[in-house]
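Colleague: Starting off with a structure, shown below.
The values are calculated or read from the model by the stated rules, or taken from the named source; none is laboratory data. Note that the structure is a prediction, hence the values are computed from the model and not measured. Backbone-built Cβ (ideal geometry, glycine too); neighbour counts: all protein chains shown.
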């Protein structure tokens, strides 16, 4: 029976994405193939992280017990979990709104073609992350109107690169597009000024709500 490495499971509000401010069940899985400079969940990617081995059935039962309809699979990188498509399918088949938070380096093709399709919040790692070379731009063609591309920006150079990628792939006409500041690294007002200068219609600034409501380092929120 397939088991997943789970770092934590909890109910909170979505801090970002199209359902920001709504209740969601978060299932955070261990492990990631990237080491972004601004990562705020490095603890979940350590070899010695405290985790539980759980089955899809156990996770579905937990979600059902919460009574919450939004489910966010996150990490780390949740799509690296062997057999994760089984969990996605079971949750979607039960009518849950399943969001996959993915880092942009994993092909979405096997998951976008599932009978019950989740929706994706896909990062595009900018130069400041030091991980841009790992991005799979082929994923952009698989995105639909309910999906999101998120650019986490920490500098003016990041903003310029985000604007170039949005323009090159016409992302603002394909899906939701968000600019999100690296917490404490860039003034959100500077992002707004950049958006005005570039006339970035169809692009949204989004702050991570959970980092303003709770301590930015707090887990389980």
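Colleague: Report whether or not residue 151 is surrounded by 12 or more Cβ atoms within 10 Å (Cβ to Cβ) and over 30 Å from residue 43 (Cβ atoms).
Modeller: no
Colleague: Working only within the range 41-88, note down all residues that are under 17 Å from residue 106 (Cα atoms), surrounded by fewer than 22 Cβ atoms within 10 Å (Cβ to Cβ) and modelled with pLDDT under 95.
Modeller: Correct list: 45 only.
Colleague: Okay, next question. Of everything in the range 89-109, what is more than 22 Å from residue 150 (Cα to Cα), surrounded by fewer than 18 Cβ atoms within 10 Å (Cβ to Cβ) and touching a helix residue (DSSP H, G or I) at 6+ places or on another chain (Cβ under 9 Å)? Give them in sequence order.
Modeller: So in the range 89-109, the residues more than 22 Å from residue 150 (Cα to Cα) come out as 89-96.
Right, trim to surrounded by fewer than 18 Cβ atoms within 10 Å (Cβ to Cβ) and you get 90, 93-95.
Selection gives 90, 94.
Colleague: Look at residue 140 and say whether it is touching a helix residue (DSSP H, G or I) at 6+ places or on another chain (Cβ under 7 Å), surrounded by fewer than 22 Cβ atoms within 10 Å (Cβ to Cβ) and part of a helix (DSSP H, G or I).
Modeller: yes
Colleague: Same structure again: Quickly run through the range 102-136 and pick out the residues that are under 25 Å from residue 185 (Cβ atoms), in contact (Cβ under 8 Å) with a residue 60 or more places away in the chain and assigned to a loop (DSSP other than H, G, I, E, B).
Modeller: 103, 105, 125, 130, 131
Colleague: Restricted to the range 199-215, and to residues that are touching a helix residue (DSSP H, G or I) at 6+ places or on another chain (Cβ under 9 Å) and in a loop (DSSP other than H, G, I, E, B), which residue is surrounded by the fewest Cβ atoms within 10 Å (Cβ to Cβ)?
Modeller: Per the criteria, the residue is 201.
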